[in-house]
Amino acid sequence: MSVIASTEPPHIAHRDNHTHRDVNGGWLRPAVFGAMDGLVSNLALMTGVAGGAVDRQTIVITGLAGLAAGAFSMAAGEYTSVASQRELVEAELEVERRELRKHPVDELEELAALYESRGVEPQLARQVAEQLSRDPEQALEIHAREELGIDPDDLPSPLVAAVSSFGSFALGALLPVLPYLLGATVLWPAVALAMIGLFACGAVVARVTARSWWFSGLRQLALGGAAAGVTYALGILFGTAVG
């Protein structure tokens, strides 16, 4: 078996080969979980209503109402949450900016002490801190990363969060309604499409969790199916009691 030697310097070759998954999930995590939320909640809502032996029109209206209400609720909640988080971060950045302006020497000593605590020699730690503190904006970025654990240039957007939450939830919630919109008159096509969607979402989540795709898919299928089964049984129970 032949071995192809890399022409890149060793550190470049190591960098290219030594990679990790995004443990935070990046954009994939909120998108997939938003879709699963819409899918499970709307499927459970529709099966609960269908269990009460109502007509097709009522099920369709229920599904569309659940889609709209849930999507708007998710978008509003996500916007408020991310906006509040961003405002808090910006307030803390302003505090740090003010401290750098009023007490530059103390902040420099604080940064040097931080590098010393990480094993850097005191003289070198001070030299690094002095060099990084020459540019006020760079100094703010370094202090924000080290003290607050945030990147000032990568703050989340409330609008993007709201729109993405609305879209992912609506997409998931649409699946169980779609067969009825295409002419279905019974529940099982909606349940079947929703089950496929649940398995697919679970399989995609495996990219974040490092679990096998079939395990994640079956787990999500079981959880969503259980929710739909319970609400369907409750629909039958309440429908009989009310009727």
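The values are calculated or read from the model by the stated rules, or taken from the named source; none is laboratory data. For clarity, every value in this text was computed on a predicted model and none was experimentally measured. No Cβ is skipped: glycine too gets one built from the backbone with ideal geometry, and neighbour counts run over all protein chains shown. Just the protein is used for accessible areas: all its heavy atoms, side chains included, with ligands, DNA and RNA removed. Shrake-Rupley method; radii C 1.70, N 1.55, O 1.52, S 1.80 Å.
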Can you spot a residue in the stretch 16-37 that is modelled with pLDDT of 85 or more, among the aliphatic types (A, V, I, L, M) and surrounded by 15 or more Cβ atoms within 10 Å (Cβ to Cβ)? yes
Identify all residues within the stretch 58-89 that are surrounded by 13 or more Cβ atoms within 10 Å (Cβ to Cβ) and charged (D, E, K, R); write none if there are none. GLU78, ARG86
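Give the residue that is modelled with the lowest pLDDT, with candidates limited to residues of the stretch 125-139 that are of a type in the set (S, T, N, Q) and open to solvent by 70 Å² or more (accessible area, probe 1.4 Å). Before you say what the answer is, go through the steps one by one.
Initial filter on the stretch 125-139 (of a type in the set (S, T, N, Q)): 127, 131, 133, 138.
If we keep only those that are open to solvent by 70 Å² or more (accessible area, probe 1.4 Å) too, we end up with 127, 131, 138.
Values: GLN127: 91, GLN131: 91, GLN138: 86.
Among them, the one singled out is GLN138.
Quick one: which residue in ILE142, ILE150 is assigned to a helix (DSSP H, G or I), surrounded by 13 or more Cβ atoms within 10 Å (Cβ to Cβ) and among the β-branched types (Val, Ile, Thr)? Step through it out loud before you land on a result.
Values: ILE150 fails: assigned to a helix (DSSP H, G or I).
When all the criteria are applied, what remains is ILE142.
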Which one of these is of a type in the set (A, V, I, L, M), more than 30 Å from ALA31 (Cβ to Cβ) and without any contact (Cβ under 8 Å) to a residue 12 or more places away in the chain: VAL120, VAL128? VAL120
Just the residues that are among the polar types (S, T, N, Q) and closer than 30 Å to LEU187 by Cβ, please, taken from the stretch 52-110. GLN57, THR58, THR62, SER73
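Take the residues in the stretch 175-210 that are among the β-branched types (Val, Ile, Thr) and open to solvent by 60 Å² or more (accessible area, probe 1.4 Å), then tell me which one is farthest from ALA44 (Cα to Cα). Can you show your working first?
Our first condition is that a residue be among the β-branched types (Val, Ile, Thr); within the stretch 175-210, this holds for 177, 185-186, 191, 196, 204-205, 208-209.
Then keep just the ones that are open to solvent by 60 Å² or more (accessible area, probe 1.4 Å); that gives 185-186, 196, 209.
Numbers: THR185: 18, VAL186: 15, ILE196: 15, THR209: 25 Å.
Going through the qualifying residues, I end up with THR209.
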Here the qualifying pairs (Cβ atoms under 7 Å; residues six or more apart or on different chains; first in the stretch 96-110 and closer than 14 Å to PRO152 by Cβ; second surrounded by fewer than 17 Cβ atoms within 10 Å (Cβ to Cβ)) come out as LEU100/PRO136
Meets criteria (at pLDDT 90 or above and of a type in the set (Asp, Glu)) for GLU78: yes
Could you tell me whether any residue of the stretch 40-56 is under 17 Å from the mean Cα position of the chain (by Cα), under 28 Å from ALA203 (Cα atoms) and open to solvent by 60 Å² or more (accessible area, probe 1.4 Å)? no
Counted residues in the stretch 91-124 being under 37 Å from the mean Cα position of the chain (by Cα) and surrounded by 13 or more Cβ atoms within 10 Å (Cβ to Cβ) come to 16
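Condition check: closer than 29 Å to GLY52 by Cα, assigned to a helix (DSSP H, G or I) and out of contact with any strand residue (DSSP E or B) (no Cβ under 9 Å at 6 or more places or on another chain). Does PHE215 satisfy that? Let's see the steps before the verdict.
Numbers: closer than 29 Å to GLY52 by Cα: no; assigned to a helix (DSSP H, G or I): yes; out of contact with any strand residue (DSSP E or B) (no Cβ under 9 Å at 6 or more places or on another chain): yes.
Considered against the rule, which asks whether it is closer than 29 Å to GLY52 by Cα, assigned to a helix (DSSP H, G or I) and out of contact with any strand residue (DSSP E or B) (no Cβ under 9 Å at 6 or more places or on another chain), PHE215 comes out as no.
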